Structure formats: structure tokens, C-alpha cells
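Asker: Sending over a structure as C-alpha cells; questions will come in a sec.
The values are calculated or read from the model by the stated rules, or taken from the named source; none is laboratory data. Please read these numbers as outputs of a predicted model, since none were measured by experiment. Positions of Cβ are backbone-derived with ideal geometry, glycine not excepted, and every protein chain shown enters the neighbour counts.
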């Protein structure tokens, strides 16, 4: 399932690369699960629903608002369809803008 959280955002228009979640979040996840989370993705649970945090890098000159809306809808649909779990929210953090 971790691969799903990583691959789906990368397939969205405007995503140049995945960023890195904050170190504190990565360490907490590693201690809890025994493995490192995929780069740029953190998944937690809140009231029985998933909360997904995505750290992305976008291409220069693209509409960031459109990209974040697109990735939010696509990830929510893909995760709910593939897992049957409900998504409470998806937080998208734009960590960098990359020039071609």
C-alpha cells in the first residue's frame, strides 16, 4: 500500500518530484512501523480515517493551485478505491519549484 501513496502523486500533472517529509515525522513513522516511509509521503489516522501529507516539488511556471487540487482529488480517489479506507484529508506541501 505504501507504493500506492508514492506512485499516485508522481503521475499527476505538474509534479516534478516528491519532496521529503520533515525528519521528526520520518523518525516517528520508522519507530512505529519498523520501516521508512516512501519519500515525501506521511500517512496517519484520525477518527478512523486516513490523513495523508504529501511533500512535492513542482515545475516552474505551472499553476500551483491547480496542481494541488488535482493531486488531492486523484490521490483520494485512488486510495479509497484501492484500499476501501476513507480519507479524511490530504495536505499537500509544495517544498520547491524546479526549473527545467
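Asker: Filter the range 48-84 down to the residues that are part of a strand (DSSP E or B) and closer than 30 Å to residue 99 by Cβ, then identify the one that is farthest from the chain's Cα centre (by Cα).
Answerer: 59
Asker: Mind checking which residues of the range 52-67 are at pLDDT 90 or above and surrounded by 15 or more Cβ atoms within 10 Å (Cβ to Cβ)?
Answerer: Those that are at pLDDT 90 or above and surrounded by 15 or more Cβ atoms within 10 Å (Cβ to Cβ): none in the range 52-67.
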